[in-house]
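**Q** Here it is: the structure, laid out below.
Read-outs throughout are calculated quantities, based only on the coordinates presented, and are distinct from any laboratory measurement. What you see is a predicted model; the values in this text were computed from it and never measured. Neighbour counts run over all protein chains shown; Cβ positions are idealised from the backbone, glycine included.
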């Protein structure tokens, strides 16, 4: 399965720790506040546990929004990426029909 983590965190120290957790589990940064990667259900549980423990610590109860999505592996076939540094890649089936 894939995991997508997106966040909006005002506190720099907390944001850095969340980023470290993502990198520790092999997730790749896809935007400034978004990580994506292939993982196991067990590792997803560990990520959620580590994030929860971090948020429960005193001083980390400020404004934040962290969302963790479990995505099926085949969902990546339907992904279209628009990146100013790269050509658009991989699109959903039937794209040609939309241009008619």
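**Q** Order of 41-53, 63-75, 1-13 by packing, highest average Cβ count within 10 Å first?
**A** 1-13, 41-53, 63-75
**Q** Calculate the translational D of the range 2-74 in whole µm² s⁻¹ from Stokes-Einstein, where the hydrodynamic radius comes from the Kirkwood formula applied to all Cα pairs, the temperature is 4 °C and the viscosity 1.567 mPa s.
**A** Answer, rounded: 105 µm²/s.
**Q** Let me ask something else about it. Quick check: the angle from helix 12-24's long axis to the longest principal axis of the chain, C-alpha only, nearest 10 degrees?
**A** Between the helix axis and the principal axis of the chain, the angle is about 60 degrees.
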